[in-house]
Structures are given as C-alpha cells and as structure tokens.
1. Just for the stretch 330-376: of the residues that are at positive phi and in a loop (DSSP other than H, G, I, E, B), which one is surrounded by the fewest Cβ atoms within 10 Å (Cβ to Cβ)?
2. Name the pairs: first residue in the stretch 90-116 and polar (S, T, N, Q), second residue modelled with pLDDT of 90 or more, Cβ to Cβ under 7 Å, at least 6 apart or on different chains?
3. Give the residues of the stretch 60-113 that are more than 25 Å from the chain's Cα centre (by Cα), part of a helix (DSSP H, G or I) and either under 27 Å from GLY348 (Cα atoms) or hydroxyl-bearing (Ser, Thr, Tyr) (or both), sorted by residue number.
4. Would you confirm whether any residue within the stretch 51-58 is among the acidic types (Asp, Glu) and assigned to a loop (DSSP other than H, G, I, E, B)?
5. Pick from the stretch 11-42 the residues that are modelled with pLDDT under 90, under 30 Å from LEU57 (Cα atoms) and of a type outside the set (D, E, K, R): which of them is surrounded by the fewest Cβ atoms within 10 Å (Cβ to Cβ)?
Amino acid sequence: MARTKSAFLNPRAKWTAHRYRDHASLPAILMAKRPTNLQSMIVLPEFAIQVYSTVPLDLESEHETIALCNYLASGTDSYPSSSFEIYGSQPDVFACVEHQRREIFHRKKNSPGEGFFPGVAKVAPSSKDRLLQGFLLVITSYSFRTTDRPDYEGESGPLWVTFNRSFPLKAKVDLYSRVEGVAPFEFDPSTFRGECAVYSEREELVVRKCRDVYEKFRELPRLLVLSQCGNSDYHFDYGLDDDEGDPSLIDQPLEIIESLQSKANSFRHEDFDVQSSEGTVVITSNPITTSPEPDLRYIIYITFPHPQLALNLMPIAQAFTTMIVDNLPPEKTVSFEFHSATQSQGLGAILASHRDLMKSRPELAIGATHQGHGSFPQDRDENYIQMTREPYRTFFVILDRLDSLTASGVLFFLTDGNEITDEAMQMYPLCRPRDQLGNYTVYQVWRSAGMAEVAQRLAMIPSHTFIVDQ
C-alpha cells in the first residue's frame with residue numbers, strides 16, 4: 001500500500017475505548033490510539049497486544065485504562081502504534097495463557113462487534129525468534145498508576161509471555177517451529193544454504209520477568225513490524241484458517257487407546273519393580289549394576305483426562321516407560337514416578353504440587369546420572385554451556401495428550417533459575433546498581449518432537465544436530 005508523506009508524521013491522537021464481553025462473558029476492552037483529525041489518511045494497524053493482569057483492574061475507569069496504555073506505550077512516540085486489548089485479572093500467568101487460547105478460539109467464530117479487528121493476530125516476538133505464535137503481557141502490580149515511572153521496576157514489573165496458541169490435541173512440533181530466526185514467509189527448507197541446527201523441541205510457553213521495563217517496552221513497537229506477513233503493510237495472520245483445536249473436545253479414536261494398551265502389554269514386568277497407590281505409579285528398573293541410583297529419575301504428570309477415556313494410570317505409565325527404554329542403550333536404568341493431574345488444575349496447580357512433593361523429599365535427585373552427578377536439561381541447544389546464568393533447579397515432565405507415544409504430547413517444564421550469576425555481574429558490570437538484577441526467564445515449557453527425542457533429552461545423550469544443507 002502506498003503511503004503519503006503525512007503517514008509518517010505524528011498526528012494528534014487519543015486513546016479510544018471499545019468495550020465488549022470476552023468468551024467467558026467477562027468485561028474486556030480494546031484500546032486503540034486514533035487520530036483526532038477524521039480526515040487523516042493514516043491506516044490503523046489491525047494489531048493489538050494482548051494484556052492481562054494478576055491484580056484487579058477497573059476496566060470501567062477511563063483514567064485506569066488510559067494510564068495503563070500510556071505506561072505500555074512509553075517505549076515509543078511513533079504513530080501509528082499497536083493497540084492494546086485488556087482483559088480482567090487471572091490468578092496466575094498460566095491461567096492468562098489458557099484464557100487467551102480460549103479467546104482466540106472464540107473470536108474465530110464470534111466478533112465482539114463493529115470496529116474490532118478480524119481476530120487475535122499471531123506475533124513474532126523478536127528478530128531471533130520469528131515463529132508466529134501467541135503473545136501477551138501480564139501486569140503484576142499497580143506501578144502503571146504512578147505518573148513518575150522508573151525505568152527499572154524490579155519485581156513489580158510485568159511478565160512478557162510467548163506461547164503455542166494450539167490446544168494440546170492440535171499442537172504440532174514441525175520443522176519450522178524448531179528453527180530460530182526464520183520468518184514464516186521465508187521458510188522453505190529447500191532454499192536453506194549452509195548449516196541450520198534444528199532443536200528437538202519447540203517452545204510451548206516462555207515467561208520472562210521484565211524488571212528493566214524501559215528496555216523491554218522499547219521492543220513492543222518492533223512487534224508490529226516483525227509480525228507482518230510477507231512484504232505487505234499491516235497484513236497479519238489471525239490463524240482464521242488454522243485448526244488450533246477445540247477446548248471442549250477430549251474424545252480420542254479407539255485405535256489410539258488400543259495402541260497405548262498394546263504398548264503397555266509389551267511392558268517387561270520381570271525387568272522392573274512397580275509400586276502403585278491412589279493417583280501414583282512408580283516404575284523402577286531392577287538393579288543390574290552395583291550402583292544404588294538409577295541412570296534416569298524423573299517425575300511425570302499426566303494431564304489429559306484419562307479417567308474419562310476409561311484408562312487408569314498403570315497402562316499409561318507402563319507404555320511410556322516401555323517407549324523410553326526402547327530408545328535408550330540397553331544398560332540404562334530408570335525410575336519414573338507418575339502422578340495423575342488434570343488440565344483443569346492448570347500448570348500453576350501442578351507446579352505448586354510438585355514443589356510440595358520435592359520439599360517433602362529433599363533426598364530425591366531428579367535427572368540423569370553422569371559420572372556420579374545428576375543433571376537435567378537446561379537449554380534446547382544441548383551444546384550451549386550457560387556461564388552467566390544460574391541453572392534451573394526445578395524440572396518435571398508432563399504428558400498432555402493420550403497419543404503421546406506417536407504424537408507430540410510430552411512437555412518439559414523448567415523453573416527456579418536463570419538469574420544472572422554473581423560471577424557474571426563481576427565480569428560484565430552493568431550500568432546499574434549491583435542490587436538491580438536484570439530481566440530473566442521465569443518459566444520455560446518445551447514440547448518434544450517425539451519419543452525418541454524425549455528419551456535422548458531425558459538421558460542427556462547428545463543427539464546428532466539435524467543439518468539442512470542444499
């Protein structure tokens with residue numbers, strides 16, 4: 001689209017509110033900055049940053065919503081700018097993501113009314129991560145109400161969240177989702193030149209804490225540019241033709257249940273000790289060495305509704321263990337502890353339960369044993385050695401779909417780490433007081449490509465880097 005010179009000027013504009021009800025019939029509001037001159041030739045991008053909060057917001061208050069928008073837009077004075085779509089508060093960041101997935105699904109079939117955008121646009125979070133995906137900001141305090149806003153907020157700063165928009169039954173881990181830095185309209189494996197590493201997982205959910213808000217808010221205007229499709233001005237992908245799943249569907253074809261049961265039937269009982277109690281199954285290799293510890297020890301949560309599918313926990317645990325062992329060297333021993341959970345609990349409840357479990361059993365060492373030490377994955381790039389960040393201290397596995405044995409239904413959850421180390425602060429002094437820690441990644445959730453990749457990752461066995469070389 002050709003734009004006149006006036007399109008690059010910064011006209012007088014004001015925030016305008018479009019109120020509506022979200023998929024749960026709760027108040028929501030679209031805030032768009034529109035020129036006061038009705039004859040303006042500037043086209044408003046149909047692109048809105050999705051904004052949530054974990055503190056109550058008064059969406060009926062014009063002062064409140066404008067203060068929040070001015071706070072979020074403080075990183076730029078350019079025009080036209082992104083709009084903001086603001087929802088009511090949620091208990092935690094995981095509930096925000098779940099609400100957004102359902103809102104995306106709802107908006108594909110239901111428009112809030114006249115003057116709204118075609119849907120919720122996919123976002124490319126950075127020049128390094130060009131994968132079009134879900135994106136939202138989560139407000140965690142009332143710092144936006146302060147007129148004199150500091151550049152550094154510390155723990156009161158918001159959360160910067162990227163996530164897979166698809167519900168579990170439709171989640172895909174294709175090649176494009178595992179390659180960094182490639183724009184969607186440029187992605188064609190046949191055109192790659194040289195080497196291109198492909199990870200074993202895609203990022204399902206990444207939550208970053210914005211302490212240095214000035215630094216992060218300067219990136220928000222860039223999202224508008226990076227998320228455009230092709231070379232067209234203000235053309236965005238709303239996923240209207242994508243099947244990203246239906247949250248109400250839980251039924252699975254009978255053959256998937258039969259396949260899982262068949263794999264469970266091949267479980268070699270003589271090789272394992274099996275203990276079960278209500279909601280828990282523990283499977284441990286019978287000792288084949290003098291080592292008292294198994295080579296792999298992990299805790300695994302089952303979140304798909306297996307009771308509604310007439311499945312108990314035991315065959316799921318046996319089938320998963322069989323698949324992992326089949327993809328490991330024969331001498332490897334395992335100890336897997338399976339717990340029933342439900343998706344209705346949410347990741348926040350599962351994380352809280354896991355922390356309580358680990359606190360009650362401090363002797364439990366999670367991970368793969370290597371040269372007498374236990375460790376678990378820290379980065380999707382297995383060759384990357386983290387020197388400046390503290391390692392994550394919490395790691396667990398989630399199975400969120402029944403066909404996990406043949407599809408991409410295994411998740412890895414990492415948290416409690418990633419802060420910059422004291423050594424790094426001394427080696428690379430920042431232009432801020434020592435007590436002002438920088439932004440960091442609070443949570444990472446990866447979705448694995450398949451069971452062979454799951455086994456390799458859990459065993460910390462280096463995989464052969466997949467190279468596309470044309």
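1. Within the stretch 330-376, the subset at positive phi is 346, 367, 371-372.
Pick out the ones that are also in a loop (DSSP other than H, G, I, E, B) and you get 371-372.
Working: GLN371: 5, GLY372: 7.
Filtering the stretch 330-376 for residues that are at positive phi and in a loop (DSSP other than H, G, I, E, B), the one surrounded by the fewest Cβ atoms within 10 Å (Cβ to Cβ) comes out as GLN371.
2. GLN90/TYR52; GLN90/THR54; GLN90/CYS96; GLN90/HIS99; GLN100/GLN50; GLN100/GLY134; GLN100/LEU136
3. Initial filter on the stretch 60-113 (more than 25 Å from the chain's Cα centre (by Cα)): 60-67, 70, 74, 76-81, 110-113.
If we keep only those that are part of a helix (DSSP H, G or I) too, we end up with 62-67, 70, 74.
Answer for the stretch 60-113, where residues must be more than 25 Å from the chain's Cα centre (by Cα), part of a helix (DSSP H, G or I) and either under 27 Å from GLY348 (Cα atoms) or hydroxyl-bearing (Ser, Thr, Tyr) (or both): THR65, SER74.
4. In the first step, residues of the stretch 51-58 are kept if they are among the acidic types (Asp, Glu); the result is 58.
Then keep just the ones that are assigned to a loop (DSSP other than H, G, I, E, B); that gives 58.
Yes.
5. Ranking the candidates gives THR36 first.
Every residue, every condition in (1) more than 30 Å from PRO247 (Cβ to Cβ); (2) out of contact with any helix residue (DSSP H, G or I) (no Cβ under 7 Å at 6 or more places or on another chain); (3) without any contact (Cβ under 8 Å) to a residue 60 or more places away in the chain, yes or no:
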position: VAL281; (1), (2), (3): no, no, yes
position: PRO287; (1), (2), (3): yes, yes, yes
position: PRO294; (1), (2), (3): yes, yes, no
position: TYR298; (1), (2), (3): no, no, no
position: PHE304; (1), (2), (3): no, no, no
position: SER340; (1), (2), (3): no, no, no
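The values are calculated or read from the model by the stated rules, or taken from the named source; none is laboratory data. Remember, it's a predicted structure, so these values are computed and weren't measured experimentally. No Cβ is skipped: glycine too gets one built from the backbone with ideal geometry, and neighbour counts run over all protein chains shown.
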